[in-house]
Amino acid sequence: MFDNRSSGELFNQLASVNSLDDIGQLFIEPAVEKTTTEDINIAVLPFLNLSGNEKTDYLSAGLTEDIRNTLIRNGGIRVAARTSSQAMVDQAIGIREIARKLNAQHIVEGTLRVINNSLRITVQVSDAISGYPTWAETYSGELNHLFDLQDNIASDLIRALNPSTITTTNVNTRFTAGTDNIAAYDHYLLGRHHWNLRTKESIETAIGYFQRAIDQDENFALAYSGLADCYLLTHLYGEEALDSAIDKASPLIEKSLALNPNSAEAYASWGLLESFLEHQENARRYYQKAVELNPNYSMARMWLGSVLLDLGDVFSAHEQYQVAIRLDPLHPAVQANYLQSLLSMGRYQDVISHVPQFYDTSQSDAIIMMEMMAYLGLGDYARVLETAERYTLSGKYEMAQAQIVHQAFLAMNMMDRALEQLEYVKQLNNGHKGKRIAASLAAHAIANEELPLLQTAINTLNEYANTSTEKAYSSQCYLEYIALYSGIQSWFQSDYTEAASLFQESIRLNEVHSCYHQADITLTSYAYLIKSLRELGEENKSHQTFIAATEHLRSLRQKGQSGTLLAIAEAALFAAADDTDKLFQSLMEWQDKGVQLYGFLNSSPIFKDAQQSLLTHPEIQSAARALEEMTQRCRQIVLPTI
């Protein structure tokens, strides 16, 4: 899940597969559940309220969502998610363009008018190719019979949209919102709308709507799960401590499931809570249950993809993201997570090609962050800085942007600018994201061989691990980092016996704990262990460790991981084993793929001994000159600092 991915962990679990032909392929890329030839793709646009009274807007919003949900429950029809449909209306574009962007064959739109206690609803279906109406109907009734009207409308729509395969006997249109209170349901819908915006202010607004829905119907299961989702995200988008967020969310999820044991939303909320606790296997089970109950719940698909990514199964994660992006192609969080999966497979050019369309529809800072990560992965540090100069990200993405820029400066060996940027990162750190700031501190310390700063990074992780409770991120999930950084500290001090012991401990911790981290961390521990064993004269143990490391690398790639960090980790293994021929070959293979790795060698001392040998190759000399030219160009770019 993109939402709980820490910004210092920039290229988590990467893999290499064939790229997309163009951005238009996004919505037809093969996915877990392929659309059959019989399936009909439609989009239900928000119904317009013609009553002249904003207080009745919730009725039109509710009517739209109810019709959507009813159509979703019937086989043979695929419905674009509400957030994507709303985004199209906000852009004020024509029917055919809306249909193209949502991959819809038909567009459903309508109006609602309330006069006293009477309702008048018009519904129209338009063909995606011609843009002309193919079916229309008008419905009238009393306000207190709105749910019955919704059933009639949905039933008529199903028959109009797919008369060849939908018969009277298999139409299921009975309204199943879980409440008979119209106002409660529509406050729930408004809550989901604001929750989907993913800002501190919007989540606070959503909390109010969900609470009002509960006040109007205390047995409304969906409202409880919605409120739980809000409290969980206050930890990510607000200032709520994780323990507090979980304390608030847990009883709400339990209440929701008690009221409706078959609530996909409640199981997804449970999965989200377990994800925050880094209990990823538990989270996976709950998300899978949510998807089983509602295969068209895009958030459950997205979160399932995220936990699969955390567990290292990149290919399976990408399949879930494909379904999510097809169901809700314009949702900012779905877009960002889809791009994350492409990054995780090393498909950097694909990420860059998607960014203009995604950012145009969402204006989400997360999309720009993904673009910067793609440029960093390619080794195009100038584009990283130019993007940071052009876009100033805000909220939780501000620190992420600063950390990406810091890594670019390290790779270009611009240590003066890197130090300025590190101070900026420290200023932006909000004090309770220990792993985030520690990643930047450690990267800077290792690149410059600064032992006091490396100790600060270790202390930061230790402090956070020791103050975490059972409900917070498991302290065990920090120990692998602590062991690695402590090992490098001993390695700098030439205490190779202690260093080897610590690197072995880091590797062991990876084997016994399932904690989200960069895919290269364990390989980095292997590389330093090989180097330490060679310094100790234990060549046989060093060779056996190299074999174990390459087997670990193979297993990572089998699950879809690849990309820059994994490539650098593999190169570090060759450097540690003093195999400069294979190191050179590895660098050239990635260069042929359009990825320039030479800059990354500047930020890791494990390559120091190999640098001179590498520079005897004309190709490496050319890469070094290109990096120097890029560095001079980047010195002219002015970015925010303290």
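If you take the residues in the stretch 529-546 that are in a helix (DSSP H, G or I) and either small (Gly, Ala, Ser) or under 31 Å from the mean Cα position of the chain (by Cα) (or both), which one is surrounded by the most Cβ atoms within 10 Å (Cβ to Cβ)? Among those residues, the one meeting the criterion is Ser532.
Listed by position, the helices (runs of 4 or more DSSP H) contained in the stretch 179-255 that have at least 1 residues being among the β-branched types (Val, Ile, Thr) and buried (at least 24 other Cβ atoms within 10 Å of the Cβ) are 200-216. Does at least one position in the stretch 518-528 carry a residue that is over 18 Å from Leu343 (Cα atoms), open to solvent by 10 Å² or more (accessible area, probe 1.4 Å) and part of a helix (DSSP H, G or I)? The answer is yes; a qualifying residue exists. Of the listed requirements (1) assigned to a helix (DSSP H, G or I); (2) open to solvent by 60 Å² or more (accessible area, probe 1.4 Å); (3) acidic (Asp, Glu), Asp578 misses just one: (1). The set of residues from the stretch 313-370 being over 15 Å from Lys101 (Cα atoms), open to solvent by less than 10 Å² (accessible area, probe 1.4 Å) and not in a helix (DSSP H, G or I) comprises just one member, Met345. Glu498: modelled with pLDDT under 95 and of a type in the set (D, E, K, R), yes or no? Here the answer is no, as Glu498 does not meet what is asked. Close contacts from the stretch 599-622, counting a first residue that is more than 20 Å from Glu450 (Cα to Cα) and a second that is open to solvent by 70 Å² or more (accessible area, probe 1.4 Å), with Cβ to Cβ under 7 Å and a gap of 6+ residues or different chains, come to Leu615/Gln621. Does Glu265 satisfy the condition of being in contact with a Cys (Cβ under 8 Å, 6 or more places away or on another chain) and either closer than 26 Å to Asp520 by Cβ or surrounded by 21 or more Cβ atoms within 10 Å (Cβ to Cβ) (or both)? Here the answer is no, as Glu265 does not meet what is asked. Each residue in the stretch 41-93 was checked for being part of a loop (DSSP other than H, G, I, E, B), modelled with pLDDT of 75 or more, among the hydrophobic types (A, V, I, L, M, F, W, C) and surrounded by fewer than 18 Cβ atoms within 10 Å (Cβ to Cβ), and 1 pass.
Out of Leu583, Leu627, Leu639, one residue alone is open to solvent by less than 50 Å² (accessible area, probe 1.4 Å) and under 26 Å from Gly312 (Cα atoms). It is Leu583.
Checked against (1) crowded, with 16+ Cβ neighbours inside 10 Å; (2) at pLDDT below 80, Thr169 meets all criteria but (1). If you go through the stretch 549-582 and keep only what is within 18 Å of Leu311 (Cβ to Cβ) and touching a residue at least 12 places away in the same chain (Cβ under 8 Å), you end up with His552, Leu553, Leu556, Arg557, Lys559, Gly560, Gln561, Ser562, Gly563, Leu565, Leu566. Mind checking whether some residue in the stretch 26-40 is in a helix (DSSP H, G or I), at pLDDT below 75 and within 29 Å of Glu292 (Cα to Cα)? Within the stretch 26-40, one or more residues are in a helix (DSSP H, G or I), at pLDDT below 75 and within 29 Å of Glu292 (Cα to Cα). As for the stretch 402-414, it holds at least one residue that is in a helix (DSSP H, G or I), open to solvent by 30 Å² or more (accessible area, probe 1.4 Å) and farther than 24 Å from His235 by Cα.
This table checks each residue for (1) under 29 Å from the mean Cα position of the chain (by Cα); (2) of a type in the set (A, V, I, L, M, F, W, C); (3) at pLDDT below 90.
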| site | (1), (2), (3) |
| --- | --- |
| Ala548 | no, yes, no |
| Asp578 | no, no, no |
| Phe584 | no, yes, no |
| Glu589 | yes, no, no |
| Ser603 | yes, no, yes |
| His617 | no, no, no |
| Ile620 | no, yes, no |
| Leu627 | no, yes, no |
| Thr631 | no, no, no |
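Within the stretch 574-586, does at least one residue satisfy the condition of being polar (S, T, N, Q) and more than 19 Å from Ile620 (Cβ to Cβ)? Taking every residue of the stretch 574-586 in turn, none turns out to be polar (S, T, N, Q) and more than 19 Å from Ile620 (Cβ to Cβ). Hey, could you check the stretch 377-401 for residues that are part of a loop (DSSP other than H, G, I, E, B) and open to solvent by 10 Å² or more (accessible area, probe 1.4 Å) and say which is nearest to Glu201 (Cα to Cα)? Here the answer is Gly395. Among the residues of the stretch 132-166, the one identified as more than 15 Å from Gly110 (Cα to Cα), modelled with pLDDT of 80 or more and touching a helix residue (DSSP H, G or I) at 6+ places or on another chain (Cβ under 6 Å) is Gly141. Annotation: of all residues in the stretch 284-312 being of a type in the set (Lys, Arg) and more than 23 Å from His193 (Cα to Cα), the one that is most open to solvent (accessible area, probe 1.4 Å) is Arg285.
The values are calculated or read from the model by the stated rules, or taken from the named source; none is laboratory data. This structure is a prediction, so every number in the text was calculated from the model and none was measured. Ideal geometry is used to build each Cβ from the backbone, glycine not excepted, and the neighbour counts take in all protein chains shown. Protein only, heavy atoms only, side chains kept; ligands, DNA and RNA dropped before computing areas. Shrake-Rupley method; radii C 1.70, N 1.55, O 1.52, S 1.80 Å.
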